[in-house]
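These notes are about the structure you will find just below.
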Amino acid sequence: KSGEVVYFNNPMWPGEAHSIKVEKILYKEKSEYQEVLVFESLTYGKVLVLDGIVQLTEKDECAYQEMIAHLPLCSIPSPKTVLVVGGGDGGVLREISRHSSVEHIDICEIDKMVIDVSKKFFPDLAVGFEDPRVHLHVGDAIEFLRCAPEGKYDAVIVDSSDPVGPAQELVEKPFFETIAKALRPGGVLCNMAESMWLHTHLIQDMISICRETFKGSVRYAWASVPTYPSGVIGFLLCSTEGPHVDFVNPINPIEKLEGADKHRRKLRFYNSEMHSAAFALPAFLKREVSLL
Ligand SMILES: NCCCN[C@H]1CC[C@H](N)CC1
(Lines give C-alpha, C1' and ligand atoms only; values in the text may rest on other atoms or scores of the structure.)
Protein backbone atom coordinates (compact mmCIF):
# COMPACT_ATOMS: atom_id res chain seq x y z
CA LYS A 1 0.00 0.00 0.00
CA SER A 2 1.06 3.63 -0.42
CA GLY A 3 3.48 4.97 2.15
CA GLU A 4 4.46 1.45 3.18
CA VAL A 5 7.85 -0.15 2.65
CA VAL A 6 7.82 -3.30 0.53
CA TYR A 7 10.30 -6.09 1.44
CA PHE A 8 11.78 -8.15 -1.38
CA ASN A 9 12.95 -11.46 0.03
CA ASN A 10 13.42 -14.58 -2.09
CA PRO A 11 15.06 -18.04 -1.94
CA MET A 12 17.63 -16.60 -4.38
CA TRP A 13 18.99 -14.53 -1.47
CA PRO A 14 18.10 -16.33 1.79
CA GLY A 15 18.46 -14.50 5.07
CA GLU A 16 18.23 -11.00 3.63
CA ALA A 17 15.65 -8.64 2.14
CA HIS A 18 15.81 -5.43 0.13
CA SER A 19 13.21 -2.77 0.81
CA ILE A 20 11.85 0.18 -1.15
CA LYS A 21 9.29 2.74 0.00
CA VAL A 22 6.07 2.65 -2.09
CA GLU A 23 4.35 5.88 -3.05
CA LYS A 24 1.62 4.38 -5.25
CA ILE A 25 0.81 1.01 -6.81
CA LEU A 26 0.29 1.61 -10.55
CA TYR A 27 -0.32 -1.92 -11.92
CA LYS A 28 -0.69 -5.44 -10.51
CA GLU A 29 -1.80 -8.40 -12.65
CA LYS A 30 -0.93 -12.04 -13.26
CA SER A 31 0.26 -12.85 -16.77
CA GLU A 32 0.40 -16.37 -18.24
CA TYR A 33 3.89 -16.67 -16.68
CA GLN A 34 4.30 -14.43 -13.63
CA GLU A 35 2.90 -11.65 -11.45
CA VAL A 36 3.63 -8.23 -12.94
CA LEU A 37 3.78 -5.25 -10.54
CA VAL A 38 4.59 -1.59 -11.19
CA PHE A 39 4.76 1.00 -8.44
CA GLU A 40 5.91 4.58 -7.98
CA SER A 41 8.66 4.56 -5.33
CA LEU A 42 9.70 7.46 -3.09
CA THR A 43 13.30 7.71 -4.32
CA TYR A 44 13.89 5.39 -7.32
CA GLY A 45 11.15 6.50 -9.71
CA LYS A 46 8.87 3.80 -11.10
CA VAL A 47 9.77 0.17 -10.33
CA LEU A 48 9.01 -3.02 -12.33
CA VAL A 49 8.67 -6.21 -10.25
CA LEU A 50 8.16 -9.77 -11.61
CA ASP A 51 7.14 -12.49 -9.15
CA GLY A 52 8.34 -10.35 -6.27
CA ILE A 53 11.78 -9.66 -7.78
CA VAL A 54 12.85 -6.11 -8.75
CA GLN A 55 13.65 -6.07 -12.48
CA LEU A 56 14.39 -2.37 -12.90
CA THR A 57 13.87 1.08 -11.46
CA GLU A 58 13.91 4.32 -13.44
CA LYS A 59 16.77 5.63 -11.33
CA ASP A 60 19.35 2.82 -11.81
CA GLU A 61 18.22 0.82 -14.89
CA CYS A 62 20.87 2.69 -16.93
CA ALA A 63 23.70 0.74 -15.27
CA TYR A 64 22.30 -2.66 -16.21
CA GLN A 65 20.85 -1.85 -19.66
CA GLU A 66 23.92 0.09 -20.86
CA MET A 67 26.46 -2.45 -19.60
CA ILE A 68 24.66 -5.57 -20.83
CA ALA A 69 24.37 -4.04 -24.33
CA HIS A 70 27.69 -2.21 -24.79
CA LEU A 71 30.07 -4.73 -23.15
CA PRO A 72 29.45 -7.16 -26.06
CA LEU A 73 28.74 -4.67 -28.88
CA CYS A 74 31.80 -2.50 -28.19
CA SER A 75 33.98 -5.64 -28.14
CA ILE A 76 33.53 -6.46 -31.84
CA PRO A 77 34.40 -4.14 -34.76
CA SER A 78 31.05 -3.71 -36.45
CA PRO A 79 28.04 -5.58 -34.99
CA LYS A 80 25.30 -5.99 -37.65
CA THR A 81 22.85 -8.69 -36.49
CA VAL A 82 21.88 -8.93 -32.82
CA LEU A 83 19.50 -11.16 -30.84
CA VAL A 84 18.01 -10.20 -27.47
CA VAL A 85 16.62 -13.00 -25.28
CA GLY A 86 14.13 -11.54 -22.78
CA GLY A 87 14.48 -7.79 -22.50
CA GLY A 88 10.74 -7.19 -22.84
CA ASP A 89 10.99 -3.80 -21.11
CA GLY A 90 12.82 -2.48 -24.19
CA GLY A 91 15.77 -0.93 -22.33
CA VAL A 92 18.41 -3.12 -23.99
CA LEU A 93 16.88 -2.37 -27.42
CA ARG A 94 17.22 1.35 -26.65
CA GLU A 95 20.93 0.81 -26.02
CA ILE A 96 21.59 -1.47 -29.04
CA SER A 97 20.01 1.13 -31.34
CA ARG A 98 22.85 3.54 -30.51
CA HIS A 99 25.10 1.36 -32.73
CA SER A 100 24.81 2.65 -36.32
CA SER A 101 26.52 -0.49 -37.66
CA VAL A 102 23.57 -2.64 -36.47
CA GLU A 103 21.16 -3.53 -39.29
CA HIS A 104 18.86 -6.16 -37.75
CA ILE A 105 17.73 -6.79 -34.14
CA ASP A 106 15.65 -9.84 -33.19
CA ILE A 107 14.10 -9.89 -29.72
CA CYS A 108 12.41 -12.95 -28.21
CA GLU A 109 10.38 -12.17 -25.07
CA ILE A 110 8.06 -14.82 -23.63
CA ASP A 111 5.65 -12.53 -21.76
CA LYS A 112 3.65 -9.98 -23.80
CA MET A 113 2.35 -8.37 -20.61
CA VAL A 114 5.88 -7.17 -19.78
CA ILE A 115 6.08 -5.43 -23.18
CA ASP A 116 2.63 -3.82 -22.86
CA VAL A 117 3.28 -2.70 -19.26
CA SER A 118 6.64 -1.21 -20.23
CA LYS A 119 5.07 0.74 -23.10
CA LYS A 120 2.48 2.14 -20.69
CA PHE A 121 4.63 2.91 -17.64
CA PHE A 122 8.27 3.02 -18.86
CA PRO A 123 8.26 4.99 -22.15
CA ASP A 124 11.98 5.83 -21.74
CA LEU A 125 12.73 2.10 -22.00
CA ALA A 126 9.98 0.97 -24.40
CA VAL A 127 11.26 3.59 -26.88
CA GLY A 128 13.63 0.72 -27.88
CA PHE A 129 10.75 -1.01 -29.68
CA GLU A 130 10.27 1.99 -32.01
CA ASP A 131 13.55 1.38 -33.87
CA PRO A 132 12.70 0.05 -37.37
CA ARG A 133 15.55 -2.49 -37.11
CA VAL A 134 13.75 -4.28 -34.27
CA HIS A 135 11.84 -7.51 -35.03
CA LEU A 136 9.74 -8.70 -32.06
CA HIS A 137 9.05 -12.40 -31.47
CA VAL A 138 6.74 -13.16 -28.54
CA GLY A 139 7.54 -16.71 -27.43
CA ASP A 140 9.96 -19.10 -25.77
CA ALA A 141 13.60 -18.36 -26.59
CA ILE A 142 14.44 -22.04 -26.20
CA GLU A 143 12.25 -22.77 -29.23
CA PHE A 144 13.35 -19.62 -31.10
CA LEU A 145 17.05 -20.50 -30.82
CA ARG A 146 16.46 -24.17 -31.65
CA CYS A 147 15.17 -23.00 -35.04
CA ALA A 148 17.62 -20.11 -35.53
CA PRO A 149 19.84 -20.32 -38.66
CA GLU A 150 23.44 -21.35 -37.94
CA GLY A 151 25.89 -18.45 -37.62
CA LYS A 152 23.20 -15.80 -38.07
CA TYR A 153 24.13 -13.43 -35.21
CA ASP A 154 27.15 -11.26 -34.43
CA ALA A 155 25.91 -10.88 -30.84
CA VAL A 156 23.35 -12.48 -28.52
CA ILE A 157 22.31 -10.66 -25.33
CA VAL A 158 20.44 -12.68 -22.68
CA ASP A 159 18.59 -10.12 -20.59
CA SER A 160 16.75 -12.58 -18.38
CA SER A 161 15.15 -12.62 -14.97
CA ASP A 162 16.48 -14.99 -12.30
CA PRO A 163 16.61 -18.71 -13.13
CA VAL A 164 13.53 -19.35 -10.98
CA GLY A 165 10.27 -19.48 -12.96
CA PRO A 166 10.11 -18.66 -16.70
CA ALA A 167 13.89 -18.14 -17.06
CA GLN A 168 14.87 -21.45 -15.41
CA GLU A 169 16.09 -23.19 -18.56
CA LEU A 170 18.16 -20.20 -19.68
CA VAL A 171 21.14 -21.26 -17.57
CA GLU A 172 21.31 -24.87 -18.78
CA LYS A 173 23.88 -26.27 -21.20
CA PRO A 174 21.50 -27.12 -24.09
CA PHE A 175 20.43 -23.49 -24.27
CA PHE A 176 24.02 -22.23 -24.41
CA GLU A 177 24.72 -24.76 -27.17
CA THR A 178 21.92 -23.33 -29.31
CA ILE A 179 23.36 -19.84 -28.76
CA ALA A 180 26.85 -20.97 -29.84
CA LYS A 181 25.32 -22.48 -33.00
CA ALA A 182 23.39 -19.28 -33.79
CA LEU A 183 26.51 -17.09 -33.42
CA ARG A 184 29.00 -16.52 -36.26
CA PRO A 185 32.70 -17.36 -35.72
CA GLY A 186 34.06 -14.68 -33.36
CA GLY A 187 30.49 -13.78 -32.40
CA VAL A 188 29.76 -12.76 -28.80
CA LEU A 189 27.29 -13.61 -26.03
CA CYS A 190 26.54 -11.39 -23.05
CA ASN A 191 24.52 -13.16 -20.37
CA MET A 192 23.12 -11.72 -17.13
CA ALA A 193 25.18 -13.49 -14.47
CA GLU A 194 23.78 -12.78 -10.99
CA SER A 195 25.74 -11.57 -7.96
CA MET A 196 29.36 -12.33 -7.02
CA TRP A 197 28.34 -11.96 -3.36
CA LEU A 198 25.37 -14.33 -3.50
CA HIS A 199 25.70 -16.77 -6.38
CA THR A 200 29.29 -17.97 -6.86
CA HIS A 201 28.09 -21.59 -7.29
CA LEU A 202 25.70 -20.60 -10.08
CA ILE A 203 28.38 -18.40 -11.65
CA GLN A 204 30.89 -21.28 -11.47
CA ASP A 205 28.37 -23.60 -13.15
CA MET A 206 27.68 -21.08 -15.92
CA ILE A 207 31.41 -20.48 -16.49
CA SER A 208 32.09 -24.23 -16.67
CA ILE A 209 29.29 -24.71 -19.21
CA CYS A 210 30.43 -21.71 -21.24
CA ARG A 211 34.07 -22.82 -21.22
CA GLU A 212 32.94 -26.12 -22.81
CA THR A 213 30.48 -24.50 -25.21
CA PHE A 214 32.26 -21.34 -26.38
CA LYS A 215 35.75 -22.02 -27.70
CA GLY A 216 36.84 -18.36 -27.70
CA SER A 217 37.13 -16.29 -24.53
CA VAL A 218 34.92 -16.46 -21.41
CA ARG A 219 35.11 -13.43 -19.07
CA TYR A 220 33.09 -12.18 -16.09
CA ALA A 221 32.30 -8.50 -15.61
CA TRP A 222 30.13 -6.68 -13.10
CA ALA A 223 28.38 -3.38 -12.35
CA SER A 224 26.82 -1.59 -9.41
CA VAL A 225 23.00 -1.66 -9.43
CA PRO A 226 21.75 -0.47 -6.02
CA THR A 227 18.28 -2.03 -6.34
CA TYR A 228 19.52 -5.53 -7.17
CA PRO A 229 20.27 -7.86 -4.26
CA SER A 230 23.76 -7.17 -2.82
CA GLY A 231 23.90 -4.05 -5.01
CA VAL A 232 25.80 -5.64 -7.90
CA ILE A 233 25.00 -7.64 -11.04
CA GLY A 234 27.35 -9.74 -13.16
CA PHE A 235 27.71 -10.32 -16.89
CA LEU A 236 29.22 -13.36 -18.58
CA LEU A 237 30.96 -12.47 -21.86
CA CYS A 238 31.70 -15.36 -24.25
CA SER A 239 33.03 -15.51 -27.81
CA THR A 240 32.85 -18.40 -30.27
CA GLU A 241 35.88 -19.88 -32.04
CA GLY A 242 37.21 -17.55 -34.72
CA PRO A 243 38.62 -14.01 -34.71
CA HIS A 244 39.96 -13.37 -31.17
CA VAL A 245 37.80 -11.06 -29.03
CA ASP A 246 39.53 -8.96 -26.37
CA PHE A 247 36.59 -8.13 -24.07
CA VAL A 248 38.63 -5.90 -21.77
CA ASN A 249 39.77 -3.25 -24.28
CA PRO A 250 36.79 -2.13 -26.46
CA ILE A 251 37.80 -2.28 -30.14
CA ASN A 252 34.60 -0.37 -31.03
CA PRO A 253 34.52 2.36 -28.34
CA ILE A 254 31.13 3.94 -27.69
CA GLU A 255 32.68 7.42 -27.66
CA LYS A 256 33.11 7.29 -31.44
CA LEU A 257 29.34 6.71 -31.75
CA GLU A 258 28.26 9.39 -29.30
CA GLY A 259 26.99 12.78 -30.45
CA ALA A 260 25.93 11.15 -33.72
CA ASP A 261 22.31 11.49 -32.65
CA LYS A 262 21.47 14.88 -31.05
CA HIS A 263 17.96 13.99 -29.79
CA ARG A 264 18.92 10.56 -28.40
CA ARG A 265 19.13 10.28 -24.59
CA LYS A 266 22.73 10.53 -23.34
CA LEU A 267 24.49 7.55 -21.74
CA ARG A 268 24.29 7.73 -17.94
CA PHE A 269 26.56 4.90 -16.82
CA TYR A 270 28.62 3.21 -19.57
CA ASN A 271 31.85 4.57 -21.03
CA SER A 272 35.07 2.90 -22.21
CA GLU A 273 36.74 3.26 -18.79
CA MET A 274 33.78 1.62 -17.03
CA HIS A 275 33.90 -1.09 -19.72
CA SER A 276 37.50 -2.07 -18.94
CA ALA A 277 37.12 -1.60 -15.18
CA ALA A 278 34.11 -3.95 -15.14
CA PHE A 279 36.42 -6.92 -15.73
CA ALA A 280 38.54 -6.23 -12.61
CA LEU A 281 37.49 -8.89 -10.11
CA PRO A 282 37.93 -9.31 -6.35
CA ALA A 283 40.43 -11.94 -5.15
CA PHE A 284 37.74 -14.23 -3.66
CA LEU A 285 35.86 -14.38 -6.97
CA LYS A 286 38.92 -15.19 -9.04
CA ARG A 287 39.71 -18.04 -6.67
CA GLU A 288 36.15 -19.34 -6.32
CA VAL A 289 35.24 -19.36 -10.01
CA SER A 290 38.67 -20.34 -11.36
CA LEU A 291 38.91 -17.22 -13.50
CA LEU A 292 42.40 -16.41 -14.74
N1 LIG B 1 15.67 -6.09 -18.15
C2 LIG B 1 15.57 -5.85 -16.76
C3 LIG B 1 16.58 -6.61 -15.94
C4 LIG B 1 16.36 -8.08 -15.93
N5 LIG B 1 17.48 -8.74 -15.29
C6 LIG B 1 17.54 -8.68 -13.85
C7 LIG B 1 18.81 -9.35 -13.35
C8 LIG B 1 18.87 -9.48 -11.85
C9 LIG B 1 17.65 -10.13 -11.29
N10 LIG B 1 17.71 -10.30 -9.86
C11 LIG B 1 16.39 -9.41 -11.73
C12 LIG B 1 16.31 -9.27 -13.24
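The values are calculated or read from the model by the stated rules, or taken from the named source; none is laboratory data. Since the model is a prediction, treat every value here as computed from it, not as a measurement. Cβ atoms come from the backbone with ideal geometry, glycine included; neighbour counts cover every protein chain shown. The accessibility values were calculated without ligands, DNA or RNA, using every heavy atom of the protein model including side chains. Shrake-Rupley method; radii C 1.70, N 1.55, O 1.52, S 1.80 Å.
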Among (1) open to solvent by 10 Å² or more (accessible area, probe 1.4 Å); (2) more than 17 Å from TYR33 (Cβ to Cβ), where does ILE142 come up short? (2)
When you look at SER19, is it outside any strand (DSSP E or B), among the hydroxyl-bearing types (Ser, Thr, Tyr), away from the ligand (no atom under 14 Å from the Cβ) and out of contact with any Leu (no Cβ under 6 Å at 6 or more places or on another chain), yes or no? no
Do we find that GLY234 is surrounded by 17 or more Cβ atoms within 10 Å (Cβ to Cβ), modelled with pLDDT of 95 or more, part of a strand (DSSP E or B) and in contact with a His (Cβ under 9 Å, 6 or more places away or on another chain) in this structure? yes
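Which of the following residues is in contact (Cβ under 8 Å) with a residue 12 or more places away in the chain, part of a strand (DSSP E or B), farther than 30 Å from GLY216 by Cα and within 11 Å of the ligand (Cβ to nearest atom): LEU37, LEU26, LEU48?
Details: LEU37 fails: within 11 Å of the ligand (Cβ to nearest atom); LEU26 fails: within 11 Å of the ligand (Cβ to nearest atom).
Residue meeting the stated conditions: LEU48.
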For the stretch 170-185, name all the residues that are touching a Gly at 6+ places or on another chain (Cβ under 9 Å), open to solvent by 10 Å² or more (accessible area, probe 1.4 Å) and in a helix (DSSP H, G or I). LEU170, ALA180, LYS181
Can you list the helices (runs of 4 or more DSSP H) lying wholly within the stretch 51-138 that have 1 or more residues being of a type in the set (Phe, Trp, Tyr) and within 26 Å of LYS21 (Cβ to Cβ)? 61-73, 112-121
So the check is Cβ under 9 Å with 6+ separation or different chains; which pairs have a first residue in the stretch 199-219 that's over 17 Å from ALA180 (Cα atoms) and a second one that's at pLDDT below 95 and hydroxyl-bearing (Ser, Thr, Tyr)? GLN204/SER290
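Which members of the stretch 274-284 meet the condition of being surrounded by 11 or more Cβ atoms within 10 Å (Cβ to Cβ) and either out of contact with any helix residue (DSSP H, G or I) (no Cβ under 7 Å at 6 or more places or on another chain) or in a loop (DSSP other than H, G, I, E, B) (or both)? Outline the logic, then answer.
Within the stretch 274-284, the first condition is being surrounded by 11 or more Cβ atoms within 10 Å (Cβ to Cβ), and the residues that meet it are 274-279, 281-282, 284.
Passing the criteria: MET274, SER276, ALA277, ALA278, PHE279, LEU281, PRO282, PHE284.
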By residue number, the members of the stretch 8-23 that are open to solvent by 80 Å² or more (accessible area, probe 1.4 Å) and closer than 18 Å to LEU198 by Cα are ASN9, PRO11, PRO14, GLY15
Filter the stretch 186-228 for residues that are assigned to a strand (DSSP E or B) and of a type outside the set (A, V, I, L, M) and give the result. GLY186, GLY187, CYS190, ASN191, ARG219, TYR220, TRP222, SER224
Note on the stretch 140-168: residues within 16 Å of the ligand (Cβ to nearest atom) and in a loop (DSSP other than H, G, I, E, B) are SER160, SER161, ASP162, PRO163, VAL164, GLY165, PRO166, ALA167
